[in-house]
Each structure stands twice: as structure tokens, then as C-alpha cells.
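Following: one structure in C-alpha cells, then a few remarks.
The values are calculated or read from the model by the stated rules, or taken from the named source; none is laboratory data. A quick note: this is a predicted structure, and the numbers were derived from the prediction, not measured. Glycine gets a Cβ as well: all are built from the backbone with ideal geometry, and neighbour counts include every protein chain shown. Just so you know, the surface numbers come from the protein's heavy atoms only, side chains and all, with ligands and any DNA or RNA stripped out. Shrake-Rupley method; radii C 1.70, N 1.55, O 1.52, S 1.80 Å.
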Amino acid sequence: MTTRPTLALITTGGTIAGAAASKTDTTGYVAGSLGAAALLAAVPELGDVAELQAEELFALDSKDMTPAHWLALAHRVRARLDDPAIAGVVVTHGTDTLEESAYFLDRVLAGDKPVVLTGAMRPATALSADGPMNLYEAVRVAADPASAGRGVLVAFAGTILPAASARKQRGELAAFAGDACGRIEAATTVRYFAPPVPRRPAVALPATLAELPRVDLLYVAAGSAPDLLDAAVGAGACGIVLVLPGNGSLPDYWEEAVVRTAAAGVAVVRASRCVGGTVSARSVDERLGTRPAGRLTPAAARIELMLELAAGAPQS
Ligand code: ASP
């Protein structure tokens, strides 16, 4: 007889916990209306897979998630992982900013135990709600020994993605895409088809850290005004991620403001507007005082810079 692992389930709100007045209403719902007990009650089959210890951490629409919530979430997940009785953690989360929480957790949590985030595109009250199956599959992933040592994962609509590349790209049930590393076949079989992504050491944040330094993302469209930079720095930003066209091309009319900002000691990162875009180091970085985001999404580049500033040293 195989023993079921004990997993922690941490709920944070989102559409997966959303409730509407009617079963056919898939937009006019309130995210985060249902607690952990209601999510579990919708999937009694979970009991065959794992012993779940559930708790409600937040009841948020994830559009309202902030870096302070990331810190609190990381603190809680770490506490559960530190419990020798817990084999892994599943986090339910709104889809709008799920990729940011997943990336943050991936960078600050050490160890091999699986941490899996999931959510839903339809509220829990909808006909054919996708949350119960997504939750079931996420628990399957967290319970599977092959998920160990893969960092934080996103399990969504049958696909498993490493946190580093997961991105909400569509408004449909299969909302997340990226460099998928596996699938959940027939709802029950976890199949990895890519090796674990090499991970850098987790960032050790000061234990007393109450908030992360402010880093702003500025989306540069054709004709966007460079005085956005001054506005961000004037409002207290310690770092800026520019979300630039193509492979991180900076318009000529932004150069003066960027040079001035970087020279004043505010880190400026060049990221790409393109989905899957890569920004590599170029001579322009030396001239402007900028640095490239590499393969990081703009949101991940922002988190990386926040962590670097918080830790007080570059994260290699
Ligand atoms: N606004 C919702 C949220 O992010 C959307 C969702 O969960 O799909 O909480």
C-alpha cells in the first residue's frame, strides 16, 4: 500500500475562490470569496492523493497583491516547508499576478520540496469551473516525487511550467504559457519531459525586512515621454525596469534621461516587450549605464532588482 504524502494548501484568493450570483456568470464575480474548506469540499478526490493541511492566508483578487504580500506568503510557505511532516506546498492564487508571486517564491525559497501554484479562469460557482481540476492536478504535481528539486512550479490546465518562464498570456482556460517542463496526463499522471531548470542559490533576505525597495516598470511605447523616468524616481523608485520594444531598443529621445537616472545611482534595466523576448548585453549598456534583463520577463526582472536592492548586493 502506498502512503499518501502530507501537503500544505495555502489559499490566497483569486478566481479559483471566486463566487458569482449565477452559474452562467463568468465575469461578474467576486474573487477570493471562498475559503480553503470550500475549495477542498469541491474536490473530495484529493483525499486519495494526499493528506492536506489547509489554511487561508489571504482572500485577495490578485490584482491587489503587493510585494508586502509576497514577503508574507514566502514566510508562510517557508514555515510549512520547514515542517518535516510536510512533503510539499500548494498555493492557490489569482491568475492576474500569479507569475509574480511564483517567481518571487522561486527566488527566496531554498530546498527541494515541491511548491506548486495554481488558479482558475472561471469562478468556483461557474458551470464547468476549471478550479477543481486545476487544484486536483496541482496536488498531483506536489505529491509526485519527480517534482522535487524543480523549484517553484505553476500547474495550470494540464501544463507544468517552471516559475521562471510562466506567464499569463491568454484569457482562456489554458491561460499560462512559457517553457513548459511537463504535463499532467489524464488528470492523474505527472509526466516531465524537460530536466529541472538549474537554479541559483535562494536569495537570503534580512529576517527583519518589512518591505521591498520600490522598483517601477515603465512600458515604452512609440512616443512615450521620458519624463516618466523622472516621475518614477521622484516618487521614490530605487530601480527602474524599462519595458522596451524588440530586443530592448531604447528610443534616442530617452537616452539623456536614462543616462542621468543611472548616473544618479538608480539601477536601470532594459527588458523586452516581446513575449519570450531576450535582451543581451550590448555596448549601449556601457554608454547609458543600463543593464540587460536577459531572458527574464519584465515582471521577473523587476523582482530580481528588488531582491538585489533588498539584499544589498548583486544576486549572481
Ligand atoms: N482577477 C482575478 C485574480 O487574479 C483573476 C483570476 O484569478 O483569474 O485574482
* To do: Restricting attention to region 128-160, report how many residues are surrounded by 21 or more Cβ atoms within 10 Å (Cβ to Cβ), of a type in the set (A, V, I, L, M, F, W, C) and closer than 13 Å to VAL190 by Cβ.
  => 8
* To do: Report, ordered by the first and then the second residue, all pairs with beta carbons closer than 6 Å, sequence separation of six or more or different chains, a first member in region 57-68 that is touching a residue at least 24 places away in the same chain (Cβ under 8 Å), and a second member that is in a loop (DSSP other than H, G, I, E, B) and open to solvent by 50 Å² or more (accessible area, probe 1.4 Å).
  => SER62/ASP96; LYS63/ASP96; ALA68/GLU211
* Can you name the residue in region 24-46 that is open to solvent by less than 40 Å² (accessible area, probe 1.4 Å) and touching a strand residue (DSSP E or B) at 6+ places or on another chain (Cβ under 9 Å) and, of all such residues, is nearest to the ligand (Cβ to nearest atom)? -> ALA31
* Could you run through region 204-230 and say how many residues are among the small types (Gly, Ala, Ser) and over 22 Å from GLU304 (Cα atoms)? => 5
* **Residue list for region 109-123, restricted to those being of a type in the set (A, V, I, L, M) and surrounded by fewer than 22 Cβ atoms within 10 Å (Cβ to Cβ)** => LEU109, ALA110
* Asked: Do we find that ARG76 is away from the ligand (no atom under 15 Å from the Cβ), at pLDDT 95 or above, in contact with a strand residue (DSSP E or B) (Cβ under 8 Å, 6 or more places away or on another chain) and under 27 Å from LEU209 (Cβ atoms) in this structure?
  -> yes
* Structure fact -> Among helices (runs of 4 or more DSSP H) completely within region 243-316, the ones holding 3 or more residues that are without any contact (Cβ under 8 Å) to a residue 60 or more places away in the chain and of a type outside the set (A, V, I, L, M, F, W, C) are 255-263, 283-288
* Structure fact -> Within region 47-72, residues open to solvent by less than 40 Å² (accessible area, probe 1.4 Å), within 14 Å of the ligand (Cβ to nearest atom) and either touching a Phe, Trp or Tyr at 6+ places or on another chain (Cβ under 9 Å) or acidic (Asp, Glu) (or both) come out as MET65
